[in-house]
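Peer 1: So that we are looking at the same thing, I have put the structure below in structure tokens.
Read-outs: derived from the displayed coordinates by stated rules, not from any lab. Predicted, not measured: the structure shown is a model, and the values here were computed from it. We place every Cβ from the backbone using ideal geometry, glycine too, and count neighbours over all the protein chains shown.
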Amino acid sequence: MREMKSSAARVYATALLTVAGAALAFLTAAPIAAQAQTKPQTKVNPKDGLTYVFIPPGTFLMGCSKDDSECEPNEKSTRSVTITKGFWIGQTPVTQSAFMKVIGTNPSKFKGDDKLPVERVDWTDAGKYCQQVDMRLPTEAEWEYAARGGKPSARYGDLDDIAWYSKNSMGKTHPVGQKQPNAYGLYDMIGNVWQWTADLMGSYDGAAAVDPKGPAADWLAAYPDWARFHPLRGGSWINDANLVRVSFRNYVEIGFRSGYVGFRCAAN
């Protein structure tokens, strides 16, 4: 796994992930249909004590935002995505106190406050945690839809107001919920820690999609080596501003652990 602190540290299989027709997709894809709730519907999961927010169904443009000049090749084939059913997602990343309550251990590099996000959790263990609280990891489409909060822009607010990143993090994670939330009432969707998604890493083909759950079987058959990678979303405390955007797609192997990688859970 490469360090992700600068543009030079990001290596992508551009030939595999760049798809023609991105410009056409911007012109034809449907706008965001669901509006963020004025007062989000929330509930507390008694198994981990965390608050979860209900995200209504709707349609949005997934991928490079129209105002975004920093997009990488694997973001550029923007597509219209429809989420047909509402879902629940963590109001914050999973905290260390919640992880301790459910799993009984704390693998994190940064400690000292129960509300710090848990990190150094790989994809498999993140999924096991979510299962134990009767939830799951969000799909990549669900994650981006929730992160945007009904807005089509690259970020849901001024970066310093909404995210911990290299400029303001002082080289560490911070307790969740300290920055401004998006319009769905979700905190730390970008910055603080990267977040695992359920999907395997793959390309966008620019075609409209309904409830997508990762790359198509034929793509994986053509590129089987990609089956060990999962997308990380949101950027983290270690990253520069150009990576801390709602459409940015990083990817690592399933077993990767780091002090800048955490997760949040979702449920139908």
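Peer 1: Please go through region 108-134 and pick out each residue that is free of Cβ contacts under 8 Å to residues at least 12 places away in the same chain and not in a helix (DSSP H, G or I).
Peer 2: Passing the criteria: only GLY112.
Peer 1: Of everything in region 66-107, what is polar (S, T, N, Q), in contact with a helix residue (DSSP H, G or I) (Cβ under 6 Å, 6 or more places away or on another chain) and touching a residue at least 60 places away in the same chain (Cβ under 8 Å)? Give them in sequence order.
Peer 2: First pass over region 66-107, keeping only residues polar (S, T, N, Q): 69, 74, 77-78, 80, 82, 84, 91-92, 95-97, 105-106.
Subsequent filtering for residues that are in contact with a helix residue (DSSP H, G or I) (Cβ under 6 Å, 6 or more places away or on another chain) retains 74, 77-78, 106.
ASN74, SER77, THR78, listed by residue number.
Peer 1: Only one of SER247, SER236, SER166 is polar (S, T, N, Q) and in contact with a Cys (Cβ under 6 Å, 6 or more places away or on another chain). Can you tell me which? Spell out the reasoning first.
Peer 2: Working: SER236 fails: in contact with a Cys (Cβ under 6 Å, 6 or more places away or on another chain); SER166 fails: in contact with a Cys (Cβ under 6 Å, 6 or more places away or on another chain).
The match here is SER247.
Peer 1: In region 87-107, which residues are part of a loop (DSSP other than H, G, I, E, B) and either of a type in the set (A, V, I, L, M) or in contact with a strand residue (DSSP E or B) (Cβ under 8 Å, 6 or more places away or on another chain) (or both)?
Peer 2: Going residue by residue through region 87-107, those that are part of a loop (DSSP other than H, G, I, E, B) are 91-94, 104-107.
Hits for region 87-107 are GLN91, THR92, PRO93, VAL94.
Peer 1: Can you name the condition, by its number, that ASP205 falls short on among (1) touching a strand residue (DSSP E or B) at 6+ places or on another chain (Cβ under 9 Å); (2) surrounded by 17 or more Cβ atoms within 10 Å (Cβ to Cβ); (3) not in a helix (DSSP H, G or I)?
Peer 2: Among (1) touching a strand residue (DSSP E or B) at 6+ places or on another chain (Cβ under 9 Å); (2) surrounded by 17 or more Cβ atoms within 10 Å (Cβ to Cβ); (3) not in a helix (DSSP H, G or I), the lone unmet condition for ASP205 is (2).
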